[in-house]
Amino acid sequence: MRFIDEVEITTISGKGGKGCASFRREVFVPFGGPDGGDGGKGGDVVLYATSRRNTLEHLRGQKLYQATPGGPGQGAGRTGADGEDLVIELPVGTVVFDAETGQLLADLAEDERRVILCHGGQGGRGNTRFKTSTNRAPTRYDPGGPAQARDVRLELRLLADVGLLGFPNAGKSTLISAVSNARPRVADYPFTTLVPNLGVVSFGWEGSFVIADIPGLIEGASEGQGLGLRFLRHVERCTFFLHLVSCMDYGEDVPDPVRRYEIINNELRVFSPELAQRPQIVVLTKVDTLDEEAIEALRARFKEEAGVEVRAISAPLHQGTTELMQECWRRLTELRATLAEVDSPLR
Ligand SMILES: Nc1nc2c(ncn2[C@@H]2O[C@H](COP(=O)(O)OP(=O)(O)OP(=O)(O)O)[C@@H](O)[C@H]2O)c(=O)[nH]1
Ligand SMILES: [Mg+2]
């Protein structure tokens, strides 16, 4: 399945059915009076978040989504049929923006959340409704209420508690496969991970949290280098980051670990100063490749040059990973993101 996380669509509700102007005609009932029924209500366009969906792929082939109109009212007081609602299923975590103004319309952050994006038009009144003591034979009726149209941009933002940051090859996917149920591809070349993966880290009865593994970032990612910064939106909801830095030396052309750490943070700042403020736990990976002394020296350099304490792990050997996950769990329970409830303009 392709990982499509952004689409633009046009949605239109159904207009209301028009009311009917009709008079009762029966052989022995002279002046039978008005009997035109009301039009039916037009269908709504409804957005529905469901855990059955993981991407926006299913919306890619179609641009226009339209609910059906209400049926017209009929004689003998019959009301027109209501139009059918059009329900668009979206993965949980989809954020809805007005495509023209960029206004945030809704955040479908919970499973089974429903919002009406476009309301169907009201059914028009039939002429029966206009009967008064002075006008017993009204010919007036209402047309149906108009349809609503909206162009919207849908953006999927995965719901994860902890986001992994790091260069390609830093060992992000290796860590997530060591500690969670996720089994992403791990390989010894950059950009192995091309789309985000989620992994659930379980603490049995105590609970669990979700880690997001996203493609690696490189210098210039903010200018579109490598895979760019577009996947960072998937860690926008994370409570904090695990910033992974390989402790290995990759020769002349690759910056040293402290510098790599700073490069990622610079790119992050360009993407979002707010995101750059988010807490980070800095983790040296692949420490099985260095001796104790070299690790201590790196630790000291991080402390001195960047002012951070680093953890050290070797994910394939499960060295330091359990402690790291416990620390994440503690931090999460302390400062679990009480995601600001979005005040949606949709009702
Ligand atoms: N020796 C050693 N090798 C490791 C360790 N962690 C990861 N590796 C290796 O490093 C390489 C890259 O690991 P990945 O987990 O694919 O790296 P990544 O950060 O997900 O890389 P991208 O998906 O390309 O961004 C693989 O060959 C792993 O086997 C470690 O702790 N020790
Ligand atoms: Mg990877």
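Observations on the structure shown:
- Single residue of region 193-216 satisfying the filter (more than 11 Å from Leu227 (Cα to Cα) and not in a strand (DSSP E or B)) that is nearest to ligand 1 (Cβ to nearest atom): Pro196
- Candidate set: region 238-256, residues that are of a type outside the set (A, V, I, L, M), modelled with pLDDT of 85 or more and part of a loop (DSSP other than H, G, I, E, B); chosen: the one nearest to the chain's Cα centre (by Cα): Cys238
- Scanning region 287-315 for residues that are more than 23 Å from Cys238 (Cβ to Cβ) and under 33 Å from the mean Cα position of the chain (by Cα) turns up just one, Ser314.
- Counted residues, region 218-236 - those being over 21 Å from the mean Cα position of the chain (by Cα) and in a loop (DSSP other than H, G, I, E, B): 6
- Count of residues meeting criterion [in contact with a strand residue (DSSP E or B) (Cβ under 9 Å, 6 or more places away or on another chain) and of a type outside the set (Val, Ile, Thr)] in region 10-24: 7
- If the condition is being free of Cβ contacts under 8 Å to residues at least 24 places away in the same chain and surrounded by 12 or more Cβ atoms within 10 Å (Cβ to Cβ), then region 198-216 contributes Gly199, Val200, Ser202, Ser208.
- Residues within region 44-66 that are buried (at least 16 other Cβ atoms within 10 Å of the Cβ), part of a loop (DSSP other than H, G, I, E, B) and in contact (Cβ under 8 Å) with a residue 60 or more places away in the chain, tallied: 3
- Residue match in region 118-131 (condition: touching a helix residue (DSSP H, G or I) at 6+ places or on another chain (Cβ under 9 Å) and either surrounded by fewer than 15 Cβ atoms within 10 Å (Cβ to Cβ) or modelled with pLDDT of 90 or more (or both)): no
- For region 274-289, the set of residues classified as farther than 16 Å from Val162 by Cβ and crowded, with 17+ Cβ neighbours inside 10 Å consists of Leu284, Lys286, Val287, listed by residue number.
- Counted residues, region 10-59 - those being at pLDDT 95 or above and either farther than 30 Å from Glu100 by Cα or in contact with a helix residue (DSSP H, G or I) (Cβ under 8 Å, 6 or more places away or on another chain) (or both): 0
- Conditions (1) closer than 20 Å to Glu110 by Cα; (2) modelled with pLDDT of 90 or more; (3) within 16 Å of ligand 2 (Cβ to nearest atom): number failed by Leu154: (3)
- Within region 158-170, the only residue that satisfies the criterion of being within 13 Å of ligand 2 (Cβ to nearest atom), in a loop (DSSP other than H, G, I, E, B) and out of contact with any Pro (no Cβ under 9 Å at 6 or more places or on another chain) is Ala170.
- Restricted to region 171-212, and to residues there that are farther than 23 Å from Glu323 by Cβ and among the aromatic types (Phe, Trp, Tyr), the residue that is nearest to ligand 2 (Cβ to nearest atom) is Phe191.
- Matching residues, region 23-43, being surrounded by 23 or more Cβ atoms within 10 Å (Cβ to Cβ) and assigned to a loop (DSSP other than H, G, I, E, B): Gly36, Gly37, Asp38, Gly39, Gly40, Lys41, Gly42, Gly43
- Only one of the numbered conditions (1) assigned to a helix (DSSP H, G or I); (2) surrounded by fewer than 16 Cβ atoms within 10 Å (Cβ to Cβ); (3) not basic (Lys, Arg) is violated by Tyr261, and that is (2).
- Among the residues of region 300-331, those that are part of a helix (DSSP H, G or I) and buried (at least 18 other Cβ atoms within 10 Å of the Cβ) comprise Phe302, Thr321, Leu324, Met325, Cys328, Trp329.
- Residue match in region 183-190 (condition: surrounded by fewer than 23 Cβ atoms within 10 Å (Cβ to Cβ), assigned to a helix (DSSP H, G or I) and either under 25 Å from the mean Cα position of the chain (by Cα) or on the phi > 0 side of the Ramachandran plot (or both)): no
- Which listed residue, of Leu104, Leu108, Leu156, is closer than 30 Å to Ala49 by Cβ, away from ligand 1 (no atom under 16 Å from the Cβ), among the hydrophobic types (A, V, I, L, M, F, W, C) and surrounded by fewer than 23 Cβ atoms within 10 Å (Cβ to Cβ): Leu104
- Residue match in region 126-133 (condition: in a loop (DSSP other than H, G, I, E, B) and either in the same structural domain as Thr239 (by TED's automatic domain parsing) or of a type in the set (Val, Ile, Thr) (or both)): yes
The values are calculated or read from the model by the stated rules, or taken from the named source; none is laboratory data. What you see is a predicted model, and the numbers here were worked out from it, not measured in a lab. When we count neighbours, we look across all protein chains shown, and the Cβ atoms used for this are built from the backbone with ideal geometry, even at glycine.
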